[in-house]
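Peer 1: One structure, pasted below without further comment.
The values are calculated or read from the model by the stated rules, or taken from the named source; none is laboratory data. Here the structure is a predicted model, which means the values were calculated and not measured. Because the Cβ atoms are built from the backbone with ideal geometry, glycine has one as well, and the counts that use them run over all protein chains shown.
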């Protein structure tokens, strides 16, 4: 039987953070429970000029009697120094509307080598922070949920909270072929591939495991290459390649990469970490599917599956090159 361990409690400034080591295993939550965690931690990021994005609150602490919060997002969402940014808060613990918060650019920190950034904001309201999980446990076939605020579409004409569930289809950081040089994560650290429905505007949004723990930051959508014929100035026919429709595969940066980029700072950020294994179910496009290695097959027969969601065709890009802005420390 596994034994529960408790690492020493860290006191950093006014923040008290307890980090638990792998223990009995976290129980999988219902999709509605994970959705509630996402709704109470995901944020909308609204720039004045550039493309909007999403993010997730990962830390909260008190400093000189003031509540301060830390957001993790994709760096390409907040990369422009000459832009002004506004955060639309998560759903509050108490209250019935989100808060608009203007962000000072000095409170944005770009992490070197990764398409990730941290944003700090202050508020007198109470907001939840997502618990960080072990992204190494999210492998092919694992259920994941993606949350964020996509751009308006033809029918949904405003940015509203969206929450989708599906499966991890591949890991780029765990697949290599002998003799092939191309291996490992893509530029910016993207390594987790999944089939969740995503749209432009969801970049920087959280990827949760089935226990409701943050395991990645979404920020890229794979696209088809489309070839077409064109005529050059001399009148000759030439072929050209452009980006076509989305393939349905999307990518996230594992939170393990984030933790490696901020060694010994998790307590400073007021964040929580839970690296225990998950017992129970997995998420898919058809709702909750039993994990047959842990669930009795007699119980499986009695479970009702949810209807498959209709896929959404997204022609808008979610990927942007990571910024070269010098990193700033809070």
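Peer 1: Which members of region 154-203 meet the condition of being touching a helix residue (DSSP H, G or I) at 6+ places or on another chain (Cβ under 7 Å) and free of Cβ contacts under 8 Å to residues at least 40 places away in the same chain?
Peer 2: 184 - this is the single residue of region 154-203 that is touching a helix residue (DSSP H, G or I) at 6+ places or on another chain (Cβ under 7 Å) and free of Cβ contacts under 8 Å to residues at least 40 places away in the same chain.
Peer 1: Follow-up question, since we're still on this one. Please find, within region 135-149, the residue that is surrounded by the fewest Cβ atoms within 10 Å (Cβ to Cβ) out of those that are touching a residue at least 60 places away in the same chain (Cβ under 8 Å) and touching a helix residue (DSSP H, G or I) at 6+ places or on another chain (Cβ under 8 Å). Even if it seems obvious, please write down each step before you answer.
Peer 2: First pass over region 135-149, keeping only residues touching a residue at least 60 places away in the same chain (Cβ under 8 Å): 135-138, 141-149.
When the remaining residues are screened for being touching a helix residue (DSSP H, G or I) at 6+ places or on another chain (Cβ under 8 Å), the result is 135-136, 145, 147.
On the way: 135: 26, 136: 14, 145: 24, 147: 26.
Only one residue tops the list, namely 136.
Peer 1: Please specify each residue of region 79-92 satisfying the condition of being more than 21 Å from residue 255 (Cβ to Cβ) and within 21 Å of the chain's Cα centre (by Cα). Please lay out each step first, then the result.
Peer 2: Looking only at region 79-92, we keep the residues that are more than 21 Å from residue 255 (Cβ to Cβ), and these are 80-86, 88-89, 91-92.
80, 85, 86, 88, 89, 91, 92 - these are the residues of region 79-92 that are more than 21 Å from residue 255 (Cβ to Cβ) and within 21 Å of the chain's Cα centre (by Cα).
Peer 1: Tally up the residues in region 124-134 that are outside any loop (DSSP other than H, G, I, E, B) and crowded, with 22+ Cβ neighbours inside 10 Å, please. Steps first, please.
Peer 2: Taking region 124-134 and keeping what is outside any loop (DSSP other than H, G, I, E, B), we get 131-132.
Next, only the ones that are crowded, with 22+ Cβ neighbours inside 10 Å stay: 132.
Residues flagged as outside any loop (DSSP other than H, G, I, E, B) and crowded, with 22+ Cβ neighbours inside 10 Å within region 124-134 amount to 1.
Peer 1: If residue 82 passes every condition in (1) at pLDDT 95 or above; (2) part of a loop (DSSP other than H, G, I, E, B) but one, which one does it miss?
Peer 2: Just one mismatch for residue 82, condition (1).
Peer 1: Can you name the number of the only condition in (1) assigned to a loop (DSSP other than H, G, I, E, B); (2) crowded, with 17+ Cβ neighbours inside 10 Å; (3) over 17 Å from the mean Cα position of the chain (by Cα) that residue 101 fails?
Peer 2: Every listed condition holds for residue 101 apart from (1).
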